[in-house]
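Coordinate-derived values only; no laboratory data. Please read all numbers here as calculations on a predicted model, not as lab measurements. All Cβ positions, even for glycine, are placed from backbone atoms using ideal geometry, and neighbour counts span all protein chains on display.
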Amino acid sequence: MKKIYTITLALTYSLFIKPVTCLAWGPEGHHYVAEIAKLYLDKGVEEKVQKVLGTMSFDEAALWMDEIKKDHAYDNLKPWHYIDFDKDKTYVKTDEGNIINALEKSIAELNNKKALKQDEINTDVKYVFHLVGDLHMPLHDGYPQDRGGNDIKVDFLGAQKNLHYIWDMGIIEYKKITVDDCIKAGAQFYKAEIKELQKIDVVKWMEQSRSCLKDVYDFKDNTLTEEYITKSVPIIEKQIFIAGIRLAAVLNQAFKK
């Protein structure tokens, strides 16, 4: 079994002290996606991807797009982390910067990587590592009215937090979800189902993730009860697992030769 990342921060610290940032999955979630992807890589692909990344680990690559948010030179990438459109509407493709266009472009470029310079391949690999994870956090495929849950304040174990933060990392930390839990969640899928889930179609991936929003918003009086949290755990575990196997599919396709 690959290295399991455990949550070491105390709950009180995570709820009351740690600053809230807009991520899609916290560091643990992105690490888990990268670790699960490793388990589903074809022979030789991990070594080829690692060669492209150089001294950067898979875990570091998965977090790179969040780390560079502190650098204003990358401000143009901020819209790449999400897609928002109205509830009960279907996605209509535009030329704007969003996670779908960014991910489709990076995948297409990697599939034709012979036309790229090595630093361009490196950057595209880091994009797909992070954005595949982002896409599978349901609130990154959310509604513009509440900015993907960022504008919804909820009571979470007595602390006032925004809904987006709770799904990024709050529940993962509180329930101490591990990569092993997410791998076990994947046991519900037959091999044929995994193969189907791995078919590369970014829009369908987004639609599958967005279908979870009915459960994300299933609470009353802006209070997240223990029942709500418990019901959310398998959704989070499943989404992280699916993100991992889909990241593997992207890397396998791009580096199979």
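With a Förster radius of 25 Å, plug the Cβ-Cβ distance of K191 and Q253 into 1/(1 + (r/R0)^6) and report the FRET value to the nearest 0.05. According to the calculation, E is roughly 0.85. Close amide H pairs (under 5 Å, H built 1.01 Å from N) link Y217 with no residue at least 5 positions away or on another chain.
Report the calculated FRET efficiency for K48 and N150 (r = Cβ-Cβ distance, R0 = 41 Å), to the nearest 0.05. Between K48 and N150 the formula returns 0.65. Dipole of region 11-255 computed with +1 at Lys/Arg Cβ and -1 at Asp/Glu Cβ about the Cα centre; of L139, G244, L163, farthest Cα towards the positive end is G244.
Fully extending the segment from L39 to T94 would add 16.3 nm, taking 0.36 nm per residue of separation and subtracting the current Cα-Cα distance. Residues within the reach of a label modelled at N76 (point 7 angstrom out along Cα to beta-carbon, backbone nitrogen below 17 Å), restricted to region 127-163, are 127. Residues of region 64-89 falling in the label zone of K214, defined by backbone nitrogen less than 19 Å from a point 7 Å along Cα to beta-carbon, are 85-89.
Contact order, relative form, for the chain: 32 percent (alpha carbon pairs under 8 Å, 6 or more residues apart, mean separation divided by residue count).
Counting charges near K69 (Lys, Arg +1; Asp, Glu -1) among other residues having Cβ under 12 Å from its Cβ returns a value of -2.
In the chain, the calculated helix contribution to ellipticity at 222 nm averages -15000 deg cm²/dmol per residue, counting -39,500 (n - 2.57) for every DSSP H run with n ≥ 4.
The separation of region 35-114 from region 127-191, counted between C-alpha centres, amounts to 17 Å. The slack between A159 and K231, meaning 0.36 nm per residue of separation minus the straight C-alpha distance, is 24.0 nm. Each listed q (0.08, 0.10, 0.13 Å⁻¹) maps to a log10 I(q)/I(0) for the chain from the Debye sum over equal C-alpha point scatterers, namely -0.29, -0.46, -0.80. Given the options M56, M65, M206, state which has the largest fluctuation in a GNM of the chain using a 10 Å cut-off (strictly under) for Cα springs. Highest fluctuation of the listed residues: M56.
Across E173, E46, E96, mean-square fluctuation computed from a Gaussian network of the chain (C-alpha pairs under 10 Å connected) peaks at E96. Shown for R246, R210, R147: other C-beta atoms within 10 Å of each C-beta, ranked fewest to most, produce the order R147, R210, R246.
The magnitude of the dipole of region 11-255, with charges of +1 and -1 set on the Cβ of Lys/Arg and Asp/Glu and taken from the Cα centre, is near 440 debye. Within region 134-166, what residues put their amide N at less than 20 Å from the label point 7 Å along the Cα-to-Cβ vector of I68? Of the residues in region 134-166, 134-136 have backbone N under 20 Å from the label point off I68.
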